[in-house]
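First up is the structure itself, then whatever we jot down about it.
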Amino acid sequence: MNCESSRRLLPLYFDGELDPADSRAFEAHLDGCAACRQALAELEALRARLRDPAMRYAAPAALRGRLAAAMPAARPRARAWAALAASWLAAALLGAGAAGLWHDRQQGLRAQAGLTRDLFASHWRALAAASPVDVVSSDRHTVKPWFAGKVAESPPVRDFAAQGFPLAGGRIDYVGSARVPVLVYRHGGHLIDVFVLAAPPAGLPRQARMQGYGLRVLALDHAAAAVVSDMDEAELDRFARLLAQGGEPPPSR
Amino acid sequence: MDLAARRTLVGELAMRQLDAAYNLARWLLGNDADAGDAVHDAFVRALQSAHTYAGGNGKAWWLTIVRHCCFARLKEHGRGRRFVAIDQLAAELGEAAAQRVLPNTAADEPEQNAAAAQERARLHRQLRGLPEEYREVLVLREIEELSYREIAQMLSIPIGTVMSRLSRGREKLLQALGANGDRP
């Protein structure tokens, strides 16, 4: 990769919009190019300053109160306000978690951030591809054998169509340098990627959020799974619970 | 999901992302009163069109509505004299005005704090002074952390245009800050 083409990729890399292969190629160039490192450092410095909390206007309390009063009362219940407060608290905690993640990354935990980014990038690349699945099937008896011979171990495949998450198919993708099976589910207009990992990778956060996409990491049979989707938090959690409770899959062959 | 439940969902989503909405509106409109009104308009409109929310990426959906309401407001004000007036005022008053809108952090080193505040004010002024098309993508990407795809959908422009505006905007900011002898 020469400097000219790398300059074109630099903002994409910086914004986490490059796929893992291109990211690695870019990083290889970065190692040997002081000018590109300098350009990247400038972007990072600018971002740090723009993300200073002082640059972000917070909604005035009066506005918040005005809108809260205009909130539709769907099911008037005594605890509606408590639930709402709890959901705000949860949102705040999630926000703090995400901020913490960002902070961690800043602190130099690049390996962890790299792995998380790989998972998100892989999902995004699949979304951008002509087809997000290599084997299209809603039948787990088709999907599971397809993996055999392509990866070391065929993952357990379950369908959650009854719960609103039909199986869409599967593909093989890269996480770090490992080839891993990915099960693809649908939920309404959303695509859900389940990366089946041999073991919970050290340092991977249990959950993360990036640019509107969520990540959940959970134990799955004898393996671990990383779920990536743009569903909202509640749906993502519901799906993660389903997956975790899936338990031992029925014999699939 | 029935409409009432959907409206509640949308209302909660809007409240969760109220700071994001206000921040976008404030950067687009340039003053508190109009930003607050635009967000209020957007809230009402979001509840009215709750049936169009298909779930999923709520933040981008909600911010799209906020953005529309901001532009409706700008249009409504014709030449936008109110906004221009206040922005010009801020520009004339310079850093003093910009500092006023910026919250102060806990002060233990007053001098250092003043320098940091001054630096923030400078960046603030530069971003405010950028043409709207650059300012908008910078706020959405850098402050609200939306992806290229989300921004492209919000603005109904190709991803390539998002990338070029973002690059150009960053370049302009870096240049402006560098020209002020501001770069480390």
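The values are calculated or read from the model by the stated rules, or taken from the named source; none is laboratory data. All values derive from a computational prediction rather than experimental measurement. Cβ coordinates were reconstructed from backbone atoms using ideal geometry, including for glycine residues, and neighbour counts include every protein chain displayed. Areas reflect the complete protein model, heavy atoms only, side chains present, ligands, DNA and RNA absent. Shrake-Rupley method; radii C 1.70, N 1.55, O 1.52, S 1.80 Å.
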- Message: Just to check your reading of the model, which residue among B:A97, B:A85 is open to solvent by 30 Å² or more (accessible area, probe 1.4 Å), more than 22 Å from B:H40 (Cα to Cα), at pLDDT below 95 and small (G, A, S)?
- Response: B:A85
- Query: Applying the selection to the stretch A:15-38, what residues are open to solvent by 20 Å² or more (accessible area, probe 1.4 Å) and at the interface with another protein chain (Cβ under 10 Å from one of its Cβ atoms)?
  - Reply: A:E17
- Message: If I filter the stretch A:20-70 down to residues being closer than 30 Å to B:A21 by Cα and of a type in the set (D, E), which single residue comes out as modelled with the lowest pLDDT?
- Response: A:D52
- Item | Filter result for the condition that a residue is modelled with pLDDT of 70 or more and away from chain B (no Cβ under 13 Å), over A:G100, A:G95, A:G164, A:G170 | A:G170
- Regarding B:L24, is this residue surrounded by 24 or more Cβ atoms within 10 Å (Cβ to Cβ), within 11 Å of chain A (Cβ to nearest Cβ) and assigned to a helix (DSSP H, G or I)? yes
- Message: Given (1) outside any loop (DSSP other than H, G, I, E, B); (2) among the β-branched types (V, I, T); (3) at pLDDT 65 or above, identify the lone condition not met by B:I157.
- Response: (1)
- Query: Do we have B:R6 as surrounded by 18 or more Cβ atoms within 10 Å (Cβ to Cβ), more than 19 Å from the chain's Cα centre (by Cα) and not hydrophobic (A, V, I, L, M, F, W, C) here?
  - Reply: yes
- Message: Can you tell me which residue is modelled with the lowest pLDDT among those in the stretch B:32-60 that are within 8 Å of chain A (Cβ to nearest Cβ) and open to solvent by 60 Å² or more (accessible area, probe 1.4 Å)?
- Response: B:A54
- Of all residues in the stretch A:39-67 being more than 10 Å from chain B (Cβ to nearest Cβ) and open to solvent by 60 Å² or more (accessible area, probe 1.4 Å), the one that is farthest from the chain's Cα centre (by Cα): A:A61
- Query: Can you tell me which of A:P155, A:P166, A:P145 is in contact with a helix residue (DSSP H, G or I) (Cβ under 7 Å, 6 or more places away or on another chain) and not acidic (D, E)?
  - Reply: A:P155
- Task: Please go through the stretch A:117-164 and pick out each residue that is touching a Gly at 6+ places or on another chain (Cβ under 6 Å), closer than 22 Å to A:V217 by Cα and open to solvent by 50 Å² or more (accessible area, probe 1.4 Å).
- Result: A:R158
- Message: Could you check the stretch B:3-13 and list, in sequence order, the residues that are more than 7 Å from every other protein chain (Cβ to nearest Cβ) and under 15 Å from B:N57 (Cα atoms)?
- Response: B:R6, B:L9, B:V10, B:L13
